[in-house]
Amino acid sequence: MISLRHVSTTFPAARGEDPIRAVDAVSLEIPQGSIQGIIGFSGAGKSTLLRNINLLERPTAGAVHVAGTELTALDGEALRRARHHIGMIFQGFNLVNNLTVAQNVELSLKFAEVSEKAERRRRVAEALAIVDLADRAETYPAQLSGGQKQRVAIARALATRPQVLLCDEPTSALDPATTATVLQYLADVNRDLGITVVIVTHEMEVIKALADHVAVMEDGRVVERFPAAELDREDFAPRTAIGEYLAGGGIRVDRGGRAAADVAAPEQTDRAEQTEQAAAHDSHQLSEVVG
């Protein structure tokens, strides 16, 4: 379904500094109908890699194939049409506050050039029913909880009937109970509609709960891959620090005065900050996804 072949993304740096290689020669195969987890510490390049899949961030090298089409060979209108089959969910919801829930969902259909109003309304109702928000269609975002807002974002992504759903830290702004609810909707969408899901996260429990396959990123590279079911094996021995964290007990604190963890996060450098600055704001990228 999704094939990344030697994908690299390099951002220009400030004068006198080296360019930032956010994604470094990544090759990854994601089977149709699966849920692929991509995990790493901040600055690992995972969100940039996710945006490479729908070319919101066009790779500087390599090829991206989705459903048999090489997206990196497309441009202009052909790329916009191909993106209609790839839904995306952002961490920050990106709802338009002065539009109702139904109008927010319908927005993606307008950009996808679904011209008949009756068809748009039918698809909006269908998408809201999937996430159990049919009764909130005329509600405005300010009247919704965080979990409900994310479910509206899922409905908006589903309205165009995508083959692939990309999720960029979709639960990091939510409490644990709401996270579980949102993950259940994503699992249901994958099972019932056969949509291939790719989820980027730094939350270990999200990977354990949802993913079929895990790709671990560090310094722009995929450094380890394994089936998520391996995490339940007592003798599973990851090869990387973050893999060990996944299989281990998480954070420990030395109450004697020095904080420690089972795995120390890599040193945060200017590279992570520059990578974040190089990425466009999610609101702008939403217009690229649906437009």
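Each reported figure results from applying straightforward, stated rules to the coordinates on display, with no laboratory input. In this text the structure is predicted, and so the values were computed from the model without any measurement. Heads up, the Cβs are rebuilt from the backbone with ideal geometry, glycines too, and the neighbour counts pull from every protein chain shown.
The figures follow:
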| item | result |
| --- | --- |
| Within the chain, longest stretch free of exposed trypsin sites (Lys or Arg not before Pro) [DSSP loop, at most 13 other beta carbons within 10 Å] | 16-232 |
| Residues in region 181-222 that a label on Asp132 would reach, taking backbone N under 14 Å of a point 7 Å out along Cα→Cβ | 181-189 |
| Alpha-carbon spread of region 104-247, three principal axes, descending order, Å | 55, 29, 28 |
| Rounded FRET efficiency, nearest 0.05, which uses the C-beta distance separating Arg15 from Leu193 and R0 of 41 Å | 0.25 |
| From phi via Karplus (6.51, -1.76, 1.60), per-residue ³J(HN,Hα) for region 118-126 in Hz, x at Gly/Pro | 4, 5, 4, 5, 5, 6, 4, 4, 5 |
| Sorted by Cβ density within 10 Å, fewest first, the residues His85, His213 | His85, His213 |
| Region 1-75: projected area of the alpha-carbon convex hull, averaged over directions, in nm² | 5.5 nm² |
| Helix-only CD estimate at 222 nm, as mean residue ellipticity for the chain, using -39500 (n - 2.57) per DSSP H run (n ≥ 4) | -10500 deg cm²/dmol |
| Among Ala129, Ala159, Ala22, residue whose mean-square fluctuation peaks in a GNM of the chain (springs only between Cα atoms under 10 Å) | Ala129 |
| Long-range HN-HN contacts of Thr60 with modeled amide H, under 5 Å | Ser8, Thr9, Thr10 |
| Contact order normalised by residue count of the chain, Cα under 8 Å, 6+ apart, percent | 26 percent |
| Additional length obtainable on full extension of the chain from Arg239 to Ser172, 0.36 nm per residue less Cα span | 21.5 nm |
| More than 21 Å apart - percent of Cα-Cα pairs taken over region 80-185 | 28 percent |
| Footprinting exposure proxy for Val26, Val200 (fewest neighbouring C-beta atoms within 10 Å first) | Val26, Val200 |
| Estimated inter-spin distance, Asp232 and Gln103, nm [label 7 Å along Cα→Cβ] | 4.6 nm |
| Debye intensity ratio in log₁₀ form over the Cα atoms of the chain, taken at each q of 0.07, 0.10 Å⁻¹ | -0.26, -0.54 |
| GluC sites (Glu not before Pro) restricted to region 117-200 and DSSP loop, no more than 11 other C-beta within 10 Å | Glu138 |
